[in-house]
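Input: a single structure, listed below in structure tokens.
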Amino acid sequence: MHHAVVIEAVRTPIGRAHPEKGMFRDVRADDLSADLLSALVKKVGISPEAIEDIVWGCVKQQGEQGYNIGRMAALIAGLPVTVGSVTVNRLCGSSLQAINQAAQSIAANCEDVQIAGGVEHMHHIPMEAGFDASPRLFYHHSPATMNMGLTAENLALRHKISRREQDEFALRSHRLAAKATDEGKFAREVIPTWGRDEEGRRKLLTVDQCIRPDTSLEALGALKAAFMPDGGTVTAGNASPLNVGAAALLIMSEERAKSLGLTPKVRIRSMAVAGVDPSVMGIGPFLLHTKHWNEPD
């Protein structure tokens, strides 16, 4: 069996999905994707003609993210028309699914050189935009299962995860991200990308916008619950923010990497998926992880 390896991984800085302060507030998702594809090809120095397919993850496939945004981005980037492209959707796992799909194609000896990644512009196309669920869905599942904040509250109740534990975890995340940024640990993966600062000036951006290095446990603890006003524990401070950004990996077979003289960063050994009750959707990665590591050798 052929094995897939990751040659290079790049991303844009991550911006807030905010109409006045978001640094990509006037940058389209397809343009953001196209510029990142161009940057990845240039950084590696690979011939664009060598790329066989692009697998692009995107949840809200409408508007500027519609009509196969992976293909649109490739055409905007000026890649050869012979480079195929497909857009996939596994909700929050869409870009990971793109990586898995690319690796599976390489393992099956269908393609040798692919780009996998994804984009989401949660300001231009909010998660709830255009969603119209069948009433039959709610014969078995509450409408609340469509709200990630409420499913997080369900998990907090079920597993007795306190508000303080969540705030402490959030504080640790901000501090680690700020430290990594200050030490330049993201510099190799972040592609400087044009956008606007909070004052509206056009600027080449290199730093993620949602990191809060000045936050504290006291500040986080003062925030009100966002989804369950009475007794809730999930807030704007300990929940994931609404973001805008894109990421891309160059993936190829080990054999092709060797022939091109490229050194892999990662070898993809396995992959898996897990389905769970949508009312506790956030537990999926944990169950998958424990299942994998508890299996006998």
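Quick note: the coordinates plus some simple rules give every number you see, no bench work behind them. What you see is a predicted model, and the numbers here were worked out from it, not measured in a lab. Reconstructed Cβ throughout: ideal geometry from the backbone, glycine too, with neighbour counts over all protein chains shown.
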**Complete:** Full extension between Asp197 and Met1 adds, at 0.36 nm per residue less the Cα distance, a length in nm of 65.8 nm
**Prompt:** About its Cα centre, how strong a charge dipole does segment 172-297 have in debye, to the nearest 20, once Lys and Arg get +1 and Asp and Glu get -1 at the Cβ?
**Reply:** 460
**Fill in**
Per residue, the convex hull enclosing the Cα atoms of segment 85-242 spans a volume in Å³ of 205
**Fill in**
With 0.36 nm assigned to each residue of separation and the Cα-Cα distance removed, Tyr139 to Glu189 gains 13.5 nm
**Request:** Could you pull the Cα extents of the chain along its three principal axes, largest to smallest, in whole Å?
**Result:** 60, 53, 41
**Item:** Calculated diffusion of segment 32-124, Stokes-Einstein form, Kirkwood radius summed over Cα pairs, 37 °C and 0.692 mPa s, µm²/s
**Value:** 250
**Item:** Angle in degrees between helix 29-44 and the longest Cα principal axis of the chain, rounded to the nearest 10
**Value:** 50
**Prompt:** Working out 0.36 nm times the residue gap between Cys110 and Leu217, then minus their Cα-Cα distance, what length gain in nm do you get to one decimal?
**Reply:** 33.4 nm
**Prompt:** What is the sum of charges around Ala107, taking Lys and Arg as +1, Asp and Glu as -1, for the other residues whose C-beta is under 15 Å from the C-beta of Ala107?
**Reply:** -3
**Prompt:** Between Val88, Gly245, Ser216, whose Cα lies farthest towards the positive end of the dipole of the chain when Lys and Arg beta carbons carry +1 and Asp and Glu beta carbons carry -1, centred on the Cα centre?
**Reply:** Ser216
**Complete:** Descending packing, highest mean Cβ count within 10 Å first, for 253-263, 268-278 is 253-263, 268-278
**Prompt:** Based solely on its DSSP helices, what 222 nm [θ] is calculated for the chain when runs of n ≥ 4 H residues each add -39,500 (n - 2.57) and the sum is averaged over all residues, nearest 500 deg cm²/dmol?
**Reply:** -9500 deg cm²/dmol
**Request:** Return the subset of Lys42/Lys179; Lys42/Lys185; Lys60/Lys258; Lys160/Lys185; Lys43/Lys203 for which the Cα-Cα distance in this structure is over 31 Å, preserving the input order.
**Result:** Lys60/Lys258; Lys160/Lys185
**Prompt:** How much net charge surrounds Ala219 when only other residues with a Cβ under 10 Å from its Cβ are counted (Lys, Arg +1; Asp, Glu -1)?
**Reply:** -2
**Message:** Going 7 Å from the Cα of Met271 along its beta-carbon direction, which residues of segment 225-258 have the amide nitrogen within less than 20 Å of the resulting point?
**Reply:** 246-258
**Fill in**
Summed over the other residues with a beta carbon less than 12 angstrom from that of Thr12, with K and R at +1 and D and E at -1, the charge totals -4
**Request:** Would you mind getting the Kirkwood hydrodynamic radius of segment 1-76 from its Cα pairs, rounded to one decimal in Å?
**Result:** 14.1
**segment 140-210: projected area of the alpha-carbon convex hull, averaged over directions, in nm²** = 8.0
**Helix axis angle, 163-182 relative to the chain longest principal axis, alpha carbon, degrees** = 40
**Asked** Which shape class, rounded, prolate or oblate, goes with segment 177-297 when its Cα gyration tensor gives a ≥ b ≥ c as root eigenvalues, a/c under 1.5 marks rounded, and past that a/b bigger than b/c marks prolate?
**Response** oblate
**Kirkwood hydrodynamic radius (C-alpha pairs) into Stokes-Einstein, segment 207-263, 20 °C and 1.002 mPa s, D in µm²/s** = 138
**Prompt:** Which one of Gln166, Ala178, Val207 has its Cα pushed farthest toward the positive end of the charge dipole of segment 159-214, where Lys and Arg give +1 and Asp and Glu give -1 at the Cβ?
**Reply:** Gln166
**Prompt:** Between Leu40, Gly70, Leu137, whose Cα lies farthest towards the positive end of the dipole of the chain when Lys and Arg beta carbons carry +1 and Asp and Glu beta carbons carry -1, centred on the Cα centre?
**Reply:** Leu40
**Prompt:** With charges only on Cβ, +1 for K and R and -1 for D and E, what is the dipole size of segment 1-146 about its Cα centre, in debye, rounded to 20?
**Reply:** 380
